[in-house]
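Visitor: The structure that follows is given in the form of structure tokens.
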Amino acid sequence: MESKVANLPDRSVRYLESGSGRAVLLLHAFPLSADQWLPQLYRLPPGWRAIAPDLRGFRGAGPAFEEPGLDVASMETHAADLLALLTHLGIERAVVAGLSMGGYIAFALLRASPARIAGLVLANTRATPDSAEGLAARDTMIALAGREGAAGVAHAMIEKLLGPTTLREQPDLATAVRELIERNSVPGLVSAIRAMKRRPDSTPLLPAVGCPTLIVSGEEDALIPGADIDAMSHMIPGATPIVIPRAGHLTNLEAPGLFNDALTGFLKRYGQVPA
Ligand code: MLT
């Protein structure tokens, strides 16, 4: 696994890369960073090249890490960033795996450039926009980030991101996730919250998804209700749903073995399909 930097016309982006062959683009959740995918990067099946970028505004606080355009960034901005990164890396088509906010961005990629998506892994995410209650909670989180910084966001979110089983049995993981969150800047966090708040309803896209799709959920996910995941699964033609037991929202970190089995099985199955 290597940590690299791509110098794009408007910004530099750090990404983690492992393997070679067909591309899998791994899109992290809010409020983490590419490091969220470390347990997957080492364990992809042969013939696959994983690319896990930091999304715009994530990882690194302070003037050295300031990013342009954070005040107006949307899911479409993130999708355009990723298409530019793929082009820079010479990748025409990729399997896109997004967890939570990463999934919201996968939908924006589907809107922008479906031909470049060879397959989809939608983990702990939903197609619907925020409810009125959800929108109000976003404003509370923006105020909290302004008042208490990334540490305040980490404190408020840790018990929602991780399931009760993980909190009980893997205290070190809770510490590691907190540290990842605290490495982010307040402008980056606020930008992402605003972008999530403004995201459109992606439900109308679902019946037209034409690529193989795996849908992963966590039995103990407190952020994305199982009913939302079920509704999404039923609307995507041929989607394969899998529920990871004893895991909350961050399934790939909480149960890396089961998550990797599901991802590897999916990639092996669809590795047979011509690129
Ligand atoms: C995420 O995990 O990316 C976020 O919690 C998603 C959200 O807040 O809607």
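Visitor: Could you tell me the relative contact order of region 117-252? Use alpha-carbon pairs under 8 Å, at least six residues apart, and round to a whole percent. Before the final figure, lay out the partial values.
Guide: Details: 199 pairs, mean separation 52.3, N = 136.
Here the relative contact order equals 38 percent.
Visitor: Now, a different point. Of the residues L109, L144, L55, which exhibits the maximal mean-square fluctuation in a Gaussian network model of the chain defined by a 10 Å Cα contact cut-off?
Guide: L144
Visitor: Rg/Rh for region 123-275 to two decimals, with Rh computed the Kirkwood way over all alpha-carbon pairs.
Guide: Numbers: Rg = 16.8 Å, Rh = 16.9 Å.
Rg divided by Rh gives 0.99.
Visitor: Debye sum, Cα scatterers, region 184-259, no solvent: what log₁₀ I/I(0) at q = 0.18, 0.20, 0.24 1/Å?
Guide: -0.90, -1.01, -1.09
Visitor: Just want to confirm a number: the relative contact order over the chain, from Cα pairs under 8 angstrom separated by 6+ residues, in percent. Let's see the in-between values first.
Guide: Values: 535 pairs, mean separation 56.7, N = 275.
Relative contact order, the chain: 21 percent.
Visitor: Here is a further query. Over the chain, with a single point scatterer placed on each C-alpha, what log10 of the ratio I(q)/I(0) does the Debye formula yield at q = 0.10, 0.11 1/Å?
Guide: -0.45, -0.56
Visitor: So between A84 and D261, what do we pick up on full extension, going 0.36 nm a residue minus the alpha carbon distance?
Guide: Numbers: separation 177, 0.36 × 177 = 63.72 nm, distance 3.00 nm.
Contour length minus Cα-Cα distance gives 60.7 nm.
Visitor: Another question, then. So, in Å, what gap is there between the alpha-carbon centers of region 131-179 and region 39-113?
Guide: Taking the Cα centre of each part, region 131-179 and region 39-113 sit 22 Å apart.
Visitor: Additional query: Report the extension gain between R269 and V72 in nm, rounded to one decimal, defined as 0.36 nm multiplied by the number of residues separating them, less their alpha carbon distance.
Guide: 67.0 nm
Visitor: In whole angstrom, how far apart do the alpha carbon centroids of region 15-34 and region 203-235 sit?
Guide: Answer, in whole Å: 21.
Visitor: Which value, in Å², gives the accessible area per residue of the chain when a 1.4 Å probe is used on the protein heavy atoms?
Guide: Details: 11330 Å² over 275 residues.
Per-residue accessible area for the chain comes out at 41 Å².
Visitor: Okay, moving on. Stretch A6-T140 to full length: gain in nm at 0.36 nm per residue minus the Cα-Cα span? Each step should come with its number before you reach the end.
Guide: Values: separation 134, 0.36 × 134 = 48.24 nm, distance 3.45 nm.
Extending this stretch completely gives an extra 44.8 nm.
Visitor: Moving to a separate point now. Tally up the carbon and sulfur contribution to the accessible surface of the chain as a whole percent, 1.4 Å probe, everything protein left in place. Display every interim value, and only then the final one.
Guide: Working: 6410 of 11330 Å².
That share works out to 57 percent.
Visitor: For the chain, modelled as a GNM with alpha-carbon contacts under 10 angstrom, which of Y42, Y15, Y104 fluctuates the most?
Guide: Judging by the Gaussian network model, the answer is Y42.
Visitor: Next up: Just need the relative contact order of region 126-192 here, percent rounded to a whole number, with Cα pairs under 8 Å and 6+ apart. Mind dumping the intermediate values first?
Guide: Numbers: 35 pairs, mean separation 25.4, N = 67.
That works out to 38 percent.
Visitor: Suppose only helical runs count, i.e. DSSP H with n ≥ 4. What mean residue ellipticity at 222 nm does that imply for the chain under -39500 (n - 2.57) per run, divided by all residues and rounded to the nearest 500 deg cm²/dmol?
Guide: Working: 10 runs with 119 residues, N = 275.
Counting only the DSSP helices, I get -13500 deg cm²/dmol.
Visitor: Straight distance only, please: which lysines reach the Cα of K197 with their own Cα at less than 26 Å, same-chain residues fewer than 8 apart left out?
Guide: Cα-Cα hits under 26 Å: K160.
Visitor: Continuing with the same structure: Mind checking which of R178, R199, R147 has the largest fluctuation in a GNM of the chain, springs on alpha carbons under 10 Å?
Guide: Answer for the Gaussian network model of the chain: R147.
The values are calculated or read from the model by the stated rules, or taken from the named source; none is laboratory data. Quantities reported herein were computed from a predicted structural model and do not represent experimental measurements. Ligands, DNA and RNA are stripped out before the accessible areas are found, and what is left, the full protein with its side chains, is counted by its heavy atoms. Shrake-Rupley method; radii C 1.70, N 1.55, O 1.52, S 1.80 Å.
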